[in-house]
Amino acid sequence: MKIPRLDTRRIDGLITFGLALATVIWLLAVEGRQGFGRDEGQYFRAGERYWGWFEELGSNVANGEFKRSFTAPVIDRYWTDNAPDHPVIMKTLYGMSWRAFHRCHCTGATRGLHPIPVKGRHITLPLFARESTAFRFPAILFAALLVAMVYRFARGWLSRPPAAAAAVLTLAQPHYFFHAPISCFDAPITTMAFAVGFAYWKSLRSRRWGIAAGVLFGVSLGVKHNAWLMPIFLVGHYLWMRRGDLRARRFPRPPLAFVAMLVLGPIIFFAHWPWLWNSPVTRTRMYINRHLQHEHYNFEYLGFNWNNPPTTTGRKLIRSTAPLVGTALTVPVTTLALAAVGIAALVRRRRGQPVAPEGPEEGPANAGDQKPSWLQPGADVDRAPGAFLLVQTLGPLAVLSVPSTPIFGGVKHFMTAMPYLAVLAGIGASRLIPVLAGLLPAARARLRQFAPAAFAVLVCLPAVVETRRSHPDGLSHYNLLAGGFAGGASLGMNRQFWGYAVVPMLDVINRDEPANRAMYWHDVIHDAVNMYKRDGRLALEVGDTGFGEDALRRSQTGILFYEKHWAIYESWFWDSYGTTKPFMVREREGVPLVTMYRRGAP
Amino acid sequence: METPPRLTTRAGLAALAAVSLLALVETASAIVAPYRAPTDQDWRAAAAQVRAGFRPGDLIVAAPAWADPILRVYLGDLIPAEVAGRMDDERFERVWEISQRGATSEAAAGGTVAEKSRFGALTVRRVQRPAAAVRYDFVARWTDAHASRRGAGGASVDCPRVSDRLQCPDVAYNTVRRQLVEVDTRLRMALLAPPVTQGTVVIEYPHVPLGRSLVVATGLHNVWLRKEASGPVDLRVVIDGVFDGTFTTRNDDGWALHRIDTTARAGQVAAVRFEIMSPAPHARQFALAAEARF
């Protein structure tokens, strides 16, 4: 049988697909071990409620009352959930995915746990055993899309092994991996930031991509408010790329990508969010103010509990290091080292040279016979890839370095930088591969042929192993420099947030005696408790006494998540339960994550 | 086509060697590290060792301190809230330290190691250290105290004992009570005595046997209230009518220890008065603990 010879394009297509598929498989294989965070519980609820609007829309269309769904009361009944906090693209996708792919036990004992009435058994394509997996599936697809895009983007400069390494190193970061499969927005906005950057990059020499950049930016605005920052970084790069115009005292022509972002961005943002439709100005203002005046939630960093903007110079200095130190202590160290090599290579690169030894030339000659214009403003200049990667990587970190910005999300607040950091690592790998090949004897052609792939595997190995080690407690994990879970705890780095780390304790709770089922869940919100029950992981009889001191005092069993600022809750346990002795502690590598107390336990 | 500058041979080789070695070390570390953590069996064995030699009044600590909740799973019955929320470590002569990863506890500093054994990833040390003799514990003896509130004009009202606290009239939060407080995200057993608007909260212990020093610890309770407000709180300490010092406590001060030298009056019984006031008392949950020590 003759094996068909694949052309370059097809091979890359297959690798792209393979990387994306592997991402989906890896994330689906392990997401069930990761519990539901506070925010995710809310987004499950909101997503299902948003689906309710579509369900009602279907009924209204069938009844010839199409317009009814667009009246203010009907819109608000569904879409005020989680407004004005976040726009709704991802939540809507989560709700739709749940509706399409869950295995319906909805008319059984869990019927009352849904945020919208269950009118009957749902007909679905039951891909997933757990309802939560069906909610999470779109986030997983977004992660796969990111990995695929990183490969394609890096392939513009690099050969396949380092480009594939960049893609793998994007996913194989413990903190990113934690966020990748969950029904939140931080991983999806990371995908969108890369998509917008990719489209912008292509738009510098292709008019089609200018429009695409605008559309993608609009979608990003509908994913998370980080999107507001994207144009700032891109303008920074654009001005640098066209610095010749500035030197010639000419204002650089505004490119199509920016015009499209300016025009299409707000249109798509407004169109996607029904909650805005009936009161656009007031509600847009509410949304913007919600984030401009966002509270500083408690967050541990270098042993301090940060919950307000720092006021002293010393504290401001410490605070300003958070994103850089956070990156240095969470990203696998080999990835950081490769990125450093990549940065060195880009610093040494001269205008017009390829980014990697075997890559295409970057200068205007490579733009073909295109004429420079606002439609393809990078046709007559070197596109400054180093500056592009610099602003995309350092930009998000720089914003979070400002002491007055809240840091309660840790790495997720600047996670949009991470795929670009992985691309830098890929560039670093591409620079070391020829050195390795040079060490191999010329006579060993086969060995030389496989050296690039072998090196790519070698540099991905620690990241993959470390990421696997971190799961499902990625937020508690710190890298080799920090000393892992224990090192992070000793350095006073944040151990967790969102109250997700409870999954391994559910069996203990399920086995508990009925008398102990007045349960104080601390930071596990009621929506998350409901989802554990809907998933069949938590006994329906287990109660939820609520939040705060009174709820704790009403409980028979209670848990406490370790976060620095929750210490006061432990005093209530000691006082109310009459003991300092926990019934059990959930830990990772000896580091406590969740403490459980049981009233009257010996 | 112009080619990018190649890494110079020496730099390139060094970078290649460094990255390759790092990749191997990091992979190995990620595989090995989980096995370095103490196991349940280690903890059980270490706890058994401590129990066998434990005497009332001993202090048991974990090093690093973040392992404390696990320590309490095994030995929590020997660590009452008063000890877990101790003012400081000075009163403890015998300290049991269960440590891992080479860490040591401050509570065991300055002592001599009387016993040391290893249980897997854990090390148990019994440290003998010079301890401060406590003549009077103001928190434990809170029922000895008289509380009152002095207005801006100097008029004073008594705060009688009501159940578990001293309650001043008219202002619900104007109480003095012994309770666990959270200061700087650590728990302490203390007297909680919030300051009041344009007034002074006065706590007086009429018969305190003095030693060589009076150690006073102050702090602001409740992380949410420290977030909400920033007013300072002043504590004035008066011994037998003689003013001995004012200590100001702010949000960032944590649990601050202040030492008053009472050597000249050691062995005497005196009245000790604490006066608490604040120019901005909103959301100020002032906590104090004190001991008269030899």
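The values are calculated or read from the model by the stated rules, or taken from the named source; none is laboratory data. Just so it is clear, the structure is predicted and the values come from calculations on it, not from any experiment. All Cβ positions, glycine included, derive from the backbone under ideal geometry; neighbour counts span all protein chains shown.
All conditions but one from (1) over 29 Å from the mean Cα position of the chain (by Cα); (2) facing chain A (nearest Cβ under 10 Å); (3) free of Cβ contacts under 8 Å to residues at least 24 places away in the same chain apply to B:ARG10; the one that does not is (2).
Of the helices (runs of 4 or more DSSP H) lying entirely inside the range A:310-385, the ones with 3 or more residues being under 30 Å from A:HIS413 (Cα atoms) and at the interface with chain B (Cβ under 8 Å from one of its Cβ atoms) are found at A:333-348. In the range B:1-86, counting only helices (runs of 4 or more DSSP H) that sit wholly within it, the ones holding 2 or more residues that are of a type in the set (A, V, I, L, M) and within 30 Å of B:ALA109 (Cβ to Cβ) span B:40-53, B:68-75, B:81-84. Within the range A:260-271, the presence of a residue that is surrounded by 13 or more Cβ atoms within 10 Å (Cβ to Cβ) and in a loop (DSSP other than H, G, I, E, B) is excluded. Determine whether the range A:544-567 contains at least one residue that is among the small types (Gly, Ala, Ser), touching a strand residue (DSSP E or B) at 6+ places or on another chain (Cβ under 9 Å) and within 14 Å of chain B (Cβ to nearest Cβ). Among the residues of the range A:544-567, at least one is among the small types (Gly, Ala, Ser), touching a strand residue (DSSP E or B) at 6+ places or on another chain (Cβ under 9 Å) and within 14 Å of chain B (Cβ to nearest Cβ), which makes the answer yes.
Only one entry in B:ARG86, B:ARG149, B:ARG94 is touching a Cys at 6+ places or on another chain (Cβ under 9 Å) and either at pLDDT 95 or above or buried (at least 17 other Cβ atoms within 10 Å of the Cβ) (or both), namely B:ARG149.
Among the residues of the range A:576-602, those identified as facing chain B (nearest Cβ under 7 Å), in contact (Cβ under 8 Å) with a residue 12 or more places away in the chain and either within 26 Å of A:GLY37 (Cβ to Cβ) or assigned to a helix (DSSP H, G or I) (or both) are A:PRO582, A:MET584, A:GLU589, A:GLY590, A:VAL591, A:PRO592, A:THR595. Taken as a whole, the range A:241-250 holds at least one residue that is surrounded by fewer than 15 Cβ atoms within 10 Å (Cβ to Cβ), closer than 26 Å to A:LEU397 by Cβ and not assigned by TED's automatic domain parsing to the domain that holds A:ALA83. The number of residues in the range B:159-213 that are within 14 Å of another protein chain (Cβ to nearest Cβ) and of a type in the set (Gly, Ala, Ser) comes to 1. When the residues of the range B:214-228 are filtered to those that are surrounded by fewer than 22 Cβ atoms within 10 Å (Cβ to Cβ) and charged (D, E, K, R), the one that is farthest from the other protein chains (Cβ to nearest Cβ) is B:GLU228. Exactly one residue out of A:THR124, A:THR133 is outside the structural domain of A:ALA463 (by TED's automatic domain parsing), surrounded by fewer than 24 Cβ atoms within 10 Å (Cβ to Cβ), of a type in the set (Ser, Thr, Tyr) and more than 25 Å from A:PRO87 (Cβ to Cβ), and it is A:THR124. Considered as a group, the residues in the range A:437-489 that are out of contact with any helix residue (DSSP H, G or I) (no Cβ under 6 Å at 6 or more places or on another chain) and farther than 30 Å from A:GLU358 by Cβ include one that is surrounded by the fewest Cβ atoms within 10 Å (Cβ to Cβ), and that residue is A:ARG468.
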